[in-house]
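What follows is a single structure, written as structure tokens, with notes after it.
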Amino acid sequence: MDLVPIRSTRSLRRQCAHAAVSGLAIVVVTFSGYELHVKGATAALLCLLVVVWQSLEDGFAISAAVSLFAAACLDFFFLPPLLSLRIADPFNIFTFVVFLVVALVITHLVSRVRTEAAKTVERNTNLEQLHEASRRLLLARPDHIGAALLVQTFGDVFTASAVCLFDAETAKIYSHGTPRCDLAERTRQAYFHNADSDDPAAGIIVRCLRTGSAPRGAIGFDGLRDSDRIVGPLSVLAAAAMEQARSFRKSRDDAAATQAEVFRTAILDALAHEFKTPLATILAVVGGLRESERLDADELEMAGIIESETARLSTLTARLLQLARLDSEEVRPRIKSTNIPALVERIANRYAAQFSERRISVSCSCLDVKAPADRELLDLAITQLLDNALKYSIPDSVVTLQITKEEESVMIRVRNEEGKFIAPDEQERIFERFYRGTDVRKLISGAGLGLYVARKIVVAHGGSLVLDKRTSAGTVVFSVKLPTSTNEPSCPNQHLAS
């Protein structure tokens, strides 16, 4: 049921009742003054008091009508000819006009004061409502602040038929009350069009919620009282509350991720140490068996396999431990002058025995290219790249390690001619921690840390690690660029094949 016509009818009845009381009072004052032979000036002042009272109670129109009625009564009872509305003396007309003007001016001034007072009360009410809404949001627990709490708070505090809020982060609509129109859809469309929307005829106001220049959602009101003055502060309050909630969730998630990372690193560290002890024992026992000279040829061969595989497992365990530490800490390389071709060749020889079904080729334009680097860390970074190239290539393929000297840097390119294709939308994400391509994750096991750690090491050396995107289909090339000292010797092209 619409309350506006009911309130208008009640107000009109109240004003008519006040006007009737004022009219009756003026009749009583003027008639009594006439019967008691009171002076006209005294009766005029009493009538003026009645007009002022009427102005305090109602608007200008009713008060002006009462003023005209008072002037007519004064003319009828006090201006000659008496008991007639006709004025004989022109000077009395001037007196009559002066009274009427004074009454109307007072009525107008009092009406203005009443209007300003009403506006002040309305503004104070709005401020109190905003304060109450802000207080509720500030007192709420950070993990409870969200779109649902916002619409509940606004719906309880402010006079509105319905409130709808579209949260862009969750892509959901939250509502309070019963809207008369399609408020939810209008709110959603306001966000997608990034534009405010007003429909005065339907009583709907919709505002986009922005943090800076980025839209975070939209809020819509149906039947919001005094919307022109209050909808702006409400939108700002809603946007600030949503940004606070988003910041809290991000901080909470970051803290949880950090805690999980600490636990994960501690577990990996503990496991790596637990593995290294029995592996060292196995290596010692196998070495003792081989030196005992009690084994025949077949047993010696098996003991050699056990020893080599145990050594390989020990190396992998140490590598796992090093990766875990590097992933959780800042890389601080211990810089020394390092012969890059010699380091790369040593890594290639180490892997050539493990991947006999692949061919590893090392090419270098200069045998004596030196760069300031941490040998162990750089060894780990290149090992990660070479290990990826070997794992993601087909048997009998060639993996090339190419070293070239540039003006003030050295380039190390790990090329896989027949590797797994890396989709364009994944070419930068493969360097993220724990990320693995959608195709390779189903075929080859891994943690997704290798490229992340390799780039972290290279960047710590002041260099860069990128995926070369200019290669042909089926060819994967990772390029490591490291700064070098100047004035390196010029050497002819040589080939270091393994």
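The numbers here are math on the coordinates, done by the rules we state, and not lab data. Not measured: the values here are computed from a predicted model. Quick reminder, even Gly has a Cβ in these numbers, built from the backbone with ideal geometry, and neighbours come from all protein chains shown.
Quick notes on this structure:
- Here the calculated FRET efficiency for N124 and R180, from their Cβ-Cβ distance with R0 = 45 Å, stands at 0.95, rounded to the nearest 0.05.
- Backbone N under 17 Å from the N339 label point (7 Å along Cα→Cβ), restricted to the stretch 360-402: 362-376, 379
- Close amide H partners of C364, meaning residues 5 or more places away or on another chain with modelled amide H under 5 Å apart, are I403, Q494, L496.
- Karplus-based coupling profile of the stretch 132-149, in residue order and whole Hz: 5, 5, 4, 4, 5, 5, 6, 7, 6, 5, x, 6, 9, 6, x, 4, 5, 5, with θ = phi - 60° in 6.51 cos²θ - 1.76 cosθ + 1.60 and x standing for Gly or Pro.
- As a calculated quantity, the FRET efficiency between S134 and E406 at R0 = 56 Å, using C-beta atoms, amounts to about 0.40.
- Listed from fewest to most Cβ neighbours within 10 Å, the set S67, S314 follows the order S314, S67.
- At full extension, L82 and E293 could sit 60.8 nm farther apart than now, given 0.36 nm per residue minus the alpha carbon distance.
- Karplus-based coupling profile of the stretch 384-392, in residue order and whole Hz: 4, 5, 5, 4, 5, 4, 6, 5, 9, with θ = phi - 60° in 6.51 cos²θ - 1.76 cosθ + 1.60 and x standing for Gly or Pro.
- Residue order, fewest to most beta carbons within 10 Å, for C73, C47: C73, C47
- Theoretical FRET efficiency, 1/(1+(r/R0)^6), r = Cβ-Cβ of V236 and H193, R0 22 Å, to 0.05: 0.65
- Working from label points 7 Å from Cα in the Cα-to-Cβ sense, the E428 to I267 distance is 3.2 nm.
- Pairwise centroid distance, computed over Cα atoms, of the stretch 168-240 with the stretch 344-402, Å: 60 Å
- Charge dipole of the stretch 350-402 (Cα centre as origin; +1 on each Lys and Arg Cβ, -1 on each Asp and Glu Cβ, all else neutral): 80 debye, rounded to the nearest 20.
- Residue order, fewest to most beta carbons within 10 Å, for H37, H176, H461, H108: H37, H108, H176, H461
- Filter on K119/K172; K39/K119; K370/K456; K391/K456 - keep pairs with C-alpha separation over 30 Å: K119/K172; K39/K119
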